[in-house]
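Values quoted throughout were computed directly from the atomic coordinates according to the rules given, and no laboratory measurement underlies them. Worth saying up front: this structure is predicted, and the values here are computed from it rather than measured. Cβ atoms come from the backbone with ideal geometry, glycine included; neighbour counts cover every protein chain shown.
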Amino acid sequence: MASKYNVDDNGFYGEFGGAYVPEILYATVENLKKQYLAIIESEEFKTQYNDLLRDYVGRPSPLYFAKRMSEKYGCQIYLKREDLNHTGAHKINNTIGQILLAKMMGKNRIIAETGAGQHGVATATVCALMDMPCVVYQGALDVERQHTNVERMRMLGAEVRPVHSGNKTLKDATNEAIRDWCCHPQDTFYIIGSTVGPHPYPDLVARLQSVISEEIKWQLQDKIGRNYPDILMACVGGGSNAAGTIYHYIDDERVRIILAEAGGQGADTGHTAATIHAGRLGILHGARTLVMQTPDGQIMEAESISAGLDYPGIGPMHANLATQHRATVYSVNDDEALQAAYELTRMEGIIPALESAHAVAALQKVQFNPDDVVVLTVSGRGDKDVETYLQYADKYMK
Ligand SMILES: *Cc1c(COP(=O)(O)O)cnc(C)c1O
């Protein structure tokens, strides 16, 4: 049966998606498009991928019944613990898969872009594992702000190239990575970190992250005797942990999908990363999607306390799910996310990543029935955010 919400043969999710790349990359992207499905569905790929997910990443990640949070919100809350993966988040599911794909396509050099450094670290990690040279582009401002991740990438053997153009953040790093790719299309594989970029990347990343919902299915069957929840919840930056969480339920209308994007200081304040609320149709990094832009179409700088959600675009899959009303998307502000992070920490002993805290904060915005089974993905752990959390300790630690 054709999926109503998944990607079509031309790389579109409804009116969103596609592959808008410079002429010089056309053949490279076309080649990836022709090869990726055959490779990632091959037995050789699946065996290596699944072995690494088990033995290196530490999968399956637990599905944990959060008893105290369930009592508080009046429903049955299960947390999908991506925070327990090697390197501390879901991003490694994707980078492991893409580096195996790169090897099987005969590529011998890896490039990536990174904002906060989480995707850079996940990429540098798999490059060390596979003994591949790795160049990570990062905005010069982010290199300064995220110095511990820069040190981690360097220790792992990656070359971090600071980007001094534009605002010196993620958007500029991405432009520079694309420029590099244009110069080395033959030997270089570009590992993209979320369900963004030109087709087939959004679909490739969604498939590699779909292990999350594949596990949720059998874990729920084991725990509650049925393989679907009533509600799935996740945060969205570009959309990869959300895509993985919903992948196997996307056409199952029994399952409601609730997503949390980063409101920053408020979706209407101009200091926000709430792309679905504040964005308009545009083209960003090779895809037609919702983009935050000025009235004359310049890309706006995204603002959120959470570096991983700080992106002025959104994956085409989620732009479509929101437009079609398949997903409900809440904008969660910085202060709500901080409060939710303290709540999860004190009630369940789990310090979430700031990104994941946005999904936790969305619990307050939903009316639940006591029987509702809710699966909420904790996309990453909060070790990297402890400094930020402590800056607000007086306000939220009661
Ligand atoms: C990068 C990141 C995100 C946001 O990326 P998505 O592609 O939207 O999942 C969310 N949580 C954590 C912990 C991250 O590192």
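At-a-glance table
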{"item": "Cα convex hull of segment 1-149 - mean projected area over all directions, nm²", "result": "13.2"}
{"item": "Dipole in debye (nearest 20) - the chain, about Cα centre, beta carbon charges: Lys, Arg +1; Asp, Glu -1", "result": "500"}
{"item": "Ranking of GLU214, GLU23, GLU176 by count of other Cβ atoms within 10 Å, fewest first", "result": "GLU23, GLU214, GLU176"}
{"item": "Alpha carbon centroid spacing (whole Å) that separates segment 279-341 from segment 62-134", "result": "21"}
{"item": "Among TYR228, TYR13, TYR56, residue whose mean-square fluctuation peaks in a GNM of the chain (springs only between Cα atoms under 10 Å)", "result": "TYR56"}
{"item": "ASP296-ILE24 FRET efficiency (beta carbon distance; Förster radius 45 Å; 0.05 resolution)", "result": "0.95"}
{"item": "Calculated FRET efficiency for the pair HIS86/ASN31, C-beta based, R₀ 30 Å, to 0.05", "result": "0.50"}
{"item": "Under-5 Å amide H pairs with TYR392, H placed in peptide plane, nonlocal only", "result": "none"}
{"item": "Under 16 Å from LYS4, Cα to Cα: aspartates and glutamates that are on another chain or at least 8 residues apart", "result": "GLU15, ASP203, ASP251, ASP252, GLU253"}
{"item": "THR388-ASN227 pseudo-label distance in nm [points 7 Å out on the Cα-to-Cβ vector]", "result": "3.7"}
{"item": "Two-site label geometry, TYR396 and GLU159: point separation in nm, points 7 Å out along Cα→Cβ", "result": "3.9"}
{"item": "Cross-link pairs beyond the 22 Å C-alpha cut-off, checked among LYS91/LYS223; LYS91/LYS217; LYS80/LYS217; LYS107/LYS384; LYS80/LYS103; LYS46/LYS171", "result": "LYS91/LYS223; LYS107/LYS384; LYS80/LYS103; LYS46/LYS171"}
{"item": "Fluctuation leader among GLY58, GLY263, GLY349 - the chain, Gaussian network, Cα springs under 10 angstrom", "result": "GLY349"}
{"item": "Top of ASP372, ASP172, ASP310 by mean-square fluctuation, Gaussian network on the chain, Cα under 10 Å", "result": "ASP372"}
{"item": "Positive-end residue, the chain charge dipole about Cα centroid, Cβ charges, pick of ILE350, LEU281, PRO295", "result": "ILE350"}
